[in-house]
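Here the structure comes first, spelled out in structure tokens, and everything after it is commentary.
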Amino acid sequence: MKNQGNPQNSISTGLGDQNRTMETILETQGLTKKFGGLTAVDQVDIGFRRGIITAIIGPNGAGKTTFFNLLSGLLEPTGGEIIYKGEVITNLSPEERSQKGIARSFQLTQIFPALTTLENVRVAAQSRGKSSTTYNLLTNAEKYGQFTNKARDLLKRVGLEEEFYTRAGNLTRANRRKLDVTIAFATDPEILLLDEPTAGMAMEEIPEVLSVIENLNREQEELAIVLIEHNMDIVMEISDTICVLADGKKLAEGTSKEIREDERVQQAYLGALR
Amino acid sequence: MIATLASALIDGLALSMLYFMIASGFSLIFGLEGIVNFAHGSLFMLGAFVSYEVVSYTGSFYLGLAAAGLSMAIIGALIESGLLRKKFGNEMAIIMITLGVMYVIHHGALIRYGAASSTYRKIPSYLQGTLKPGQLILNNYQLFIIVLGLIIAGAVFLFLNRTNVGLIVRAGIDDVDMARALGANTRRTFTLVFAIGSALAGLGGAASVGWIYASVDLGLSYLFFAFAIVVIGGLGSFKGTFYGSLLAGITHELFAYFIPFLAGPSLFILMAAILLFKPEGLAGGAKQ
Amino acid sequence: MKTLERHLKTHSSSLMIVALFFALIPLFSYFGLPYSDILTRIFIIAIYALSFDLLLGYTGLLNFGQSLFFGMGAYATAYTLNWGGMSFLIALIFSAAIGGLLGILLSIMVKRSFKGIPFTFFSLAFAMIVLSMYQKRLFQGISGGEGGLLLPVPGILRSIWALRVYEFGFLGLLTLALLFIIYRSTRGSSLYVRIGLMVGSSGIAAIVFYLVAQHLDHLAKAATYERLIPNSYYLALTVLVAVYFLARRIVSSPVGRVWQSIRENETRTGVIGYNPFNYKLMAVAVSGAIAGLAGGLYAPYLLTVSAANVFDPFLTIKALIFAVLGGLGTLKGAILGAGIILLLEHFLNPLIGEWTNILIGVLFIVIVFTMPRGIIGELMTTGGKSFREIIKEMVG
């Protein structure tokens, strides 16, 4: 993908690949969100690096999804800052953040049910057009073949080529989830936030979705991926770094081995699970 | 000057109570079930005519009021359980159905009553004429509407705050799932609330006949008034509806007495101001 | 011949045939079938219903004050014709512009509650503010009071020359287009078949043109300072066809696609990088402009414009009924719905009077229960499959 789809991206950086891939792309400083008396996210400092898959784990109600909603701009934080590529983006709207390269998927899949699968992804790809394209009222959207082609390519890569013209609402649950991730990916993100990409799936469907994520990671070396995940096996298998949230606070951060051995984590989370 | 002001205030209060009777049911139904009942104004109009017919036939004013409230309660319950329940959760379909019902009632009433407007030929003598304390002149009928409105407001308030069903309704306005968690039979509650709301509209219509006459046009105008007041008070807030009705009714009559040409638009000007500066309404709005 | 069949099955050709059929209707009125006037009304109201569908069916916004755009469009035409003495065409442009501008104003006012039920509440409120002003005696000067504003019949609607251009132009162009399609699509069949078809259709065209000439002679003897029914008819038909194709283009444009994604899921539309407010503003403005245009056309049809007849809230309710009955989000449905209901009214009203409306109301409720996608919607989809899926299966 990196070499076929978007060659200029890797050339124009002017930085060595080595530097680029480890660079911190998105970080939060003291990020806090209160709902009335409840503090859902409490003074969280995390950085996410390019080329790395970070898993965010934590018991139910730990504030993981709220954290994602803060990052993607669906919620306004009560305090703290969000910094993206050195720029404070705390007060930007969801669409502005998306345009800067932050994409996300949703735990409860958020797709466009009455549109075809292809159109779901095409409209997401179209969002990267120039404003003369995205605000064009008088040209048939199909004339912009680049978006349709990109949507087809992406859908083929995730194995949805049979479903181009299916109403998205009629897809199976696993396919809807794949579509949700593909929509996010069609916006050419630099950081991809995946909220429980395997939630509610049957065991045999999970590897498929995981391989989609791993392929994205392999092909797009500069892409940072953050995922919220409940299934510890999955977390240990695909993530490079793990961050543990509990009661809205960051409890620990490290490799899977470090997290496994961390006593506080065991107490707060793993112990309860096993 | 003082006398005129007093008359304006009394008329304003009376109008407020009519507004309250149409808007409170509308607001309750919207708050609890998320249903925008476009037929609500038609129930007001129908209540007015039912009462008019009963009073003409039996000669009993209070029987007319009771008949209007009761028959609208039944019609409301039928609309809710017969038509709306099947489409519950489908916002758009519900709007369509209530619009269809409104369309049918409106044109049905046109067949029977045409463009004429009617008023009671006989009401109790103590409701006619005026009271004249000092220099003031107060219409008995307007005073009656105020008393009736206050009694109804009090009753609804007690119903919401003192009864089990009321508790469920208040919980349901905040969160339907929570109402279910309270072990409520939400279906029966919904039908009940729809019936109560419709009865209030019918009573309001019946009360209005002696003052502003019954006509088919009432249906649409009072639907719009209910819309406006709910916007002013805050979508889904019962208290807001009460204050909104007071504000709207008194403003209307003050304008009507002192700056007549602004009376008609006053309600909508109020609404525009709310829309621009406080879209959540006077009471903050429990539900968006 | 196969190609001809396929050609006829394609969208544009079949639409062209429908248009040709309607273009011939005024000729029948010459033989005593006076349907052109009711059809003119249907075309105008269909444009209005189309504006409604564009907003509700594609963007998911139910504007309960849509009659504001329509009514102000009608008034704008009345003003320009009365005070400026300008041409009807300019008046129509003003009508569309005022509709669009009011749409922008409304969008800005409701910015904080721009979806679902709150929008319905606020759009109605917005319309009622203007409406209640127009109903006041103080504003009689601009509203024309209860009697309304009288307006002069624009030249284009009373000129026999305009009618000549319409009839010959409309029929001529359509006939030529059909001949061209036959010529193109019978390529490959034998020469005799082709010649036969061409001669046959030219013959039919000749008969049609002869009738047109007769018809025009007949009309020329009539007084020319009144509104000519066929002129209004052709103008309304032309605008309807133009607006339909424009609307179809718009809903398939990048903006139209974003409207649909907003209808389906506004949050997600924002998260993939579109500013929902801008797109909703465009939807309300475009829909407002089309409604204004419809109002502008309606004004000379009515001859007097008053608050009661152009701001009629029941007109909005009817537009909603048309769009839902025909099928929301199909454009064709709005036109079909307007046609069905208004024709039903036209034929049933003399027989059963007001009961017609009761019948329509009941029919509407029944449709909502039995055909939730509307007539066109149900025709286009079966068993939850989209039209494109069915096509795909048919093709292989």
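The values are calculated or read from the model by the stated rules, or taken from the named source; none is laboratory data. The structure displayed is predicted, hence computed values, not measured ones. Counting neighbours? That spans all protein chains shown, and the Cβs are built from the backbone with ideal geometry, glycine included. Calculation scope for accessible area: heavy atoms of the full protein, side chains included, ligands and nucleic acids excluded. Shrake-Rupley method; radii C 1.70, N 1.55, O 1.52, S 1.80 Å.
Tabulated values for the structure
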| quantity | calculated |
| --- | --- |
| Residue identified as touching a residue at least 12 places away in the same chain (Cβ under 8 Å), within 19 Å of residue C:115 (Cα to Cα) and either among the polar types (S, T, N, Q) or within 14 Å of chain C (Cβ to nearest Cβ) (or both) among B:219, B:281 | B:281 |
| Criterion: open to solvent by less than 40 Å² (accessible area, probe 1.4 Å) and closer than 13 Å to residue C:46 by Cβ - qualifying residue of C:329, C:339, C:296 | C:339 |
| Sole residue being open to solvent by less than 30 Å² (accessible area, probe 1.4 Å) and under 25 Å from the mean Cα position of the chain (by Cα), chosen from C:150, C:124 | C:124 |
| The range B:246-267, subset among the hydrophobic types (A, V, I, L, M, F, W, C) and under 17 Å from the mean Cα position of the chain (by Cα), residue nearest to the other protein chains (Cβ to nearest Cβ) | B:267 |
| Set C:306, C:287: member being in contact with a strand residue (DSSP E or B) (Cβ under 9 Å, 6 or more places away or on another chain), closer than 27 Å to residue B:103 by Cα and more than 10 Å from every other protein chain (Cβ to nearest Cβ) | C:306 |
| Enumeration of residues in the range C:57-97 that are within 18 Å of the chain's Cα centre (by Cα), open to solvent by 10 Å² or more (accessible area, probe 1.4 Å), under 20 Å from residue C:328 (Cα atoms) and not aromatic (Phe, Trp, Tyr) | none |
| Among the candidates C:379, C:359, residue that is within 12 Å of chain B (Cβ to nearest Cβ), closer than 18 Å to residue C:338 by Cβ and modelled with pLDDT of 55 or more | C:359 |
| Residues being surrounded by fewer than 19 Cβ atoms within 10 Å (Cβ to Cβ) and either within 21 Å of the chain's Cα centre (by Cα) or within 15 Å of residue C:237 (Cα to Cα) (or both) - total across the range C:169-184 | 2 |
| Total residues in the range A:83-117, condition charged (D, E, K, R), farther than 28 Å from residue A:170 by Cα and not in a strand (DSSP E or B) | 4 |
| Residues of the range B:184-219 classified as in a loop (DSSP other than H, G, I, E, B) and open to solvent by 10 Å² or more (accessible area, probe 1.4 Å), total | 5 |
| Options A:159, A:169: the member that is surrounded by fewer than 21 Cβ atoms within 10 Å (Cβ to Cβ) and touching a Pro at 6+ places or on another chain (Cβ under 9 Å) | A:169 |
| Of all residues making up the range C:351-379, the number that are within 13 Å of residue B:107 (Cα to Cα) and open to solvent by 60 Å² or more (accessible area, probe 1.4 Å) | 5 |
| Any hit, the range A:109-125, residues being open to solvent by 50 Å² or more (accessible area, probe 1.4 Å), among the charged types (D, E, K, R) and under 26 Å from residue C:329 (Cα atoms) | no |
| Verdict on residue A:216 being in a helix (DSSP H, G or I) and crowded, with 19+ Cβ neighbours inside 10 Å | yes |
| The range C:185-202 - residue that is of a type outside the set (Ser, Thr, Tyr) and either at pLDDT below 75 or open to solvent by less than 30 Å² (accessible area, probe 1.4 Å) (or both) and, of those, nearest to residue C:234 (Cα to Cα) | C:187 |
| Qualifying residue in the range C:331-339 (condition: at pLDDT 90 or above, in a helix (DSSP H, G or I) and within 14 Å of chain A (Cβ to nearest Cβ)) | no |
| Selected residue (only one of A:96, A:76, A:81 is within 12 Å of chain C (Cβ to nearest Cβ), modelled with pLDDT of 90 or more and surrounded by fewer than 17 Cβ atoms within 10 Å (Cβ to Cβ)) | A:96 |
| Residue in the range B:79-99 that is surrounded by 24 or more Cβ atoms within 10 Å (Cβ to Cβ), among the hydroxyl-bearing types (Ser, Thr, Tyr) and away from every other protein chain (no Cβ under 12 Å) present | no |
| Failed condition for residue C:348, given (1) at pLDDT below 90; (2) open to solvent by 10 Å² or more (accessible area, probe 1.4 Å) | (1) |
| Meets criteria (closer than 28 Å to residue B:94 by Cβ, within 14 Å of chain A (Cβ to nearest Cβ) and aromatic (Phe, Trp, Tyr)) for residue C:274 | no |
| Close pairs from the range C:127-148: first under 15 Å from residue C:78 (Cα atoms) and more than 8 Å from chain B (Cβ to nearest Cβ), partner modelled with pLDDT of 75 or more and part of a loop (DSSP other than H, G, I, E, B), Cβ under 6 Å, at least 6 apart | C:144/C:306; C:148/C:306 |
| Test for residue C:323: is it open to solvent by less than 10 Å² (accessible area, probe 1.4 Å), touching an Asp or Glu at 6+ places or on another chain (Cβ under 9 Å) and within 27 Å of residue A:138 (Cβ to Cβ) | yes |
| Of all residues making up the range A:133-148, the number that are more than 7 Å from every other protein chain (Cβ to nearest Cβ), in contact with a helix residue (DSSP H, G or I) (Cβ under 9 Å, 6 or more places away or on another chain), open to solvent by less than 40 Å² (accessible area, probe 1.4 Å) and not aromatic (Phe, Trp, Tyr) | 1 |
| Residue tally, condition touching a Ser or Thr at 6+ places or on another chain (Cβ under 7 Å) and closer than 21 Å to residue B:225 by Cβ, over the range C:126-157 | 2 |
| Residue, surrounded by the fewest Cβ atoms within 10 Å (Cβ to Cβ), within the range C:231-275, restricted to residues that are more than 14 Å from residue A:134 (Cβ to Cβ) and among the hydroxyl-bearing types (Ser, Thr, Tyr) | C:267 |
| Among residues of the range A:191-210, those that are within 25 Å of residue A:25 (Cβ to Cβ) and either of a type in the set (Ser, Thr, Tyr) or assigned to a helix (DSSP H, G or I) (or both), counted | 3 |
